[in-house]
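Participant: Pasting a structure here, questions to come.
The values are calculated or read from the model by the stated rules, or taken from the named source; none is laboratory data. Bear in mind the structure is a predicted one, so any value in this text is a computation, not a measurement. Because the Cβ atoms are built from the backbone with ideal geometry, glycine has one as well, and the counts that use them run over all protein chains shown.
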Ligand SMILES: [Zn+2]
């Protein structure tokens, strides 16, 4: 007889559909006995077949990251929210607000680390998830989660097929991941389903910026090709980069059709172009002083001042968006 677990987060077994509690010590499905939790405490909640090509890219990517260094405290990540070369993070943090006592789902968070500092606000539960289970392994190899064991859960999930029970989360958060999905509307329906009434979904992606889009297709084209060759780009990111980014006018109806209240905030144009150029063209030792120091801070200030102008705002590239439910 399996021990009755009372973890408040519940999900459906992919094999038999039975509801299971997200308790990392209960390794197998309560009904069919399928092994669900691996040796790292990561919940495997996706079909073996789902998105095989994309998963292979990231599995490989995260395996390279996982090393054998001493584990760091998540406190070292706090400064990432304040970086001058990523002012969109500060905006994102404001919109996310206080997470104390909240049940939070991070979707597709594999490439982003700073969200782990949400734990310091004492959410009731923080589910860190990615398409690849290796993302969770890599992050566990890097950071010390012992102080947070009761609050954090790790999972491999398919964002378009969320395994969680209805009305589970107060906050669903996706950093630079929605643009990887072929069917955004279906994803938003799923997010809406797993949110509690009054819950909020918060995403960061790139917005369509006419100035930036036409620059990439004309005078910046050789530079873009060079940078993709040099640093690599996932197939989904390449497709999205070529399409030019999200438009509020496309996203808003997807949310209003579901009876949701959308929100949109934009940030970064001049500072974005500057950091992109600095990161691609300059040796690492020049990047730090030029893209994080005083010149950068000045640029961010100018950018913020110009964002009062509608035409400038419509060309800003970072889009913090999402909806509140009821
Ligand atoms: Zn089962």
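Participant: Inspect region 268-278 for any residue being in contact with a helix residue (DSSP H, G or I) (Cβ under 7 Å, 6 or more places away or on another chain), surrounded by 16 or more Cβ atoms within 10 Å (Cβ to Cβ) and closer than 30 Å to residue 163 by Cβ and give the result as yes or no.
Facilitator: Taking every residue of region 268-278 in turn, none turns out to be in contact with a helix residue (DSSP H, G or I) (Cβ under 7 Å, 6 or more places away or on another chain), surrounded by 16 or more Cβ atoms within 10 Å (Cβ to Cβ) and closer than 30 Å to residue 163 by Cβ.
Participant: If you don't mind, another one. Only one of these is surrounded by 13 or more Cβ atoms within 10 Å (Cβ to Cβ) and either modelled with pLDDT under 90 or within 29 Å of residue 171 (Cα to Cα) (or both): 238, 287. Name it.
Facilitator: Working: 238 fails: surrounded by 13 or more Cβ atoms within 10 Å (Cβ to Cβ).
Every option except 287 fails the conditions.
Participant: Determine if region 192-202 includes at least one residue that is buried (at least 16 other Cβ atoms within 10 Å of the Cβ), in a helix (DSSP H, G or I) and at pLDDT 95 or above.
Facilitator: Applying the first criterion (buried (at least 16 other Cβ atoms within 10 Å of the Cβ)) to region 192-202 yields 192, 194-196, 199-202.
Checking the rest, the ones that are also in a helix (DSSP H, G or I) come to 192, 194.
Now restrict to residues that are at pLDDT 95 or above: 192, 194.
Yes - at least one qualifying residue is present in region 192-202.
Conditions tested, residue by residue: (1) in a loop (DSSP other than H, G, I, E, B); (2) within 21 Å of the chain's Cα centre (by Cα); (3) farther than 22 Å from residue 210 by Cβ.
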{"position": "250", "(1), (2), (3)": "no, yes, no"}
{"position": "253", "(1), (2), (3)": "no, no, no"}
{"position": "272", "(1), (2), (3)": "no, yes, no"}
{"position": "275", "(1), (2), (3)": "no, yes, no"}
{"position": "304", "(1), (2), (3)": "no, no, no"}
{"position": "308", "(1), (2), (3)": "yes, no, no"}
{"position": "315", "(1), (2), (3)": "yes, no, no"}
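Participant: OK, next. Go through region 1-49 and count every residue that is more than 18 Å from residue 164 (Cβ to Cβ) and at pLDDT below 85. Walk me through how you get there before you give the answer.
Facilitator: Taking region 1-49 and keeping what is more than 18 Å from residue 164 (Cβ to Cβ), we get 1-4, 25, 27-28, 32-33, 35, 38-40, 48-49.
Filter once more, keeping what is at pLDDT below 85: 1-4, 48-49.
Residues meeting the conditions: 6.
Participant: A further question follows. Answer with yes or no whether residue 304 is in contact with a strand residue (DSSP E or B) (Cβ under 9 Å, 6 or more places away or on another chain) and touching a residue at least 24 places away in the same chain (Cβ under 8 Å).
Facilitator: Numbers: in contact with a strand residue (DSSP E or B) (Cβ under 9 Å, 6 or more places away or on another chain): yes; touching a residue at least 24 places away in the same chain (Cβ under 8 Å): yes.
Here the answer is yes, as residue 304 does meet what is asked.
Participant: At pLDDT 90 or above, assigned by TED's automatic domain parsing to the domain that holds residue 117, within 13 Å of the ligand (Cβ to nearest atom) and under 19 Å from residue 108 (Cα atoms), is that true of residue 80?
Facilitator: Working: at pLDDT 90 or above: yes; assigned by TED's automatic domain parsing to the domain that holds residue 117: yes; within 13 Å of the ligand (Cβ to nearest atom): no; under 19 Å from residue 108 (Cα atoms): yes.
When the stated conditions are applied, residue 80 does not pass them.
Participant: Name the residue, out of 147, 182, that is in a loop (DSSP other than H, G, I, E, B) and out of contact with any helix residue (DSSP H, G or I) (no Cβ under 6 Å at 6 or more places or on another chain). I'd like the intermediate steps shown before the answer.
Facilitator: Numbers: 147 fails: in a loop (DSSP other than H, G, I, E, B).
Within the list 147, 182, the selection yields 182.
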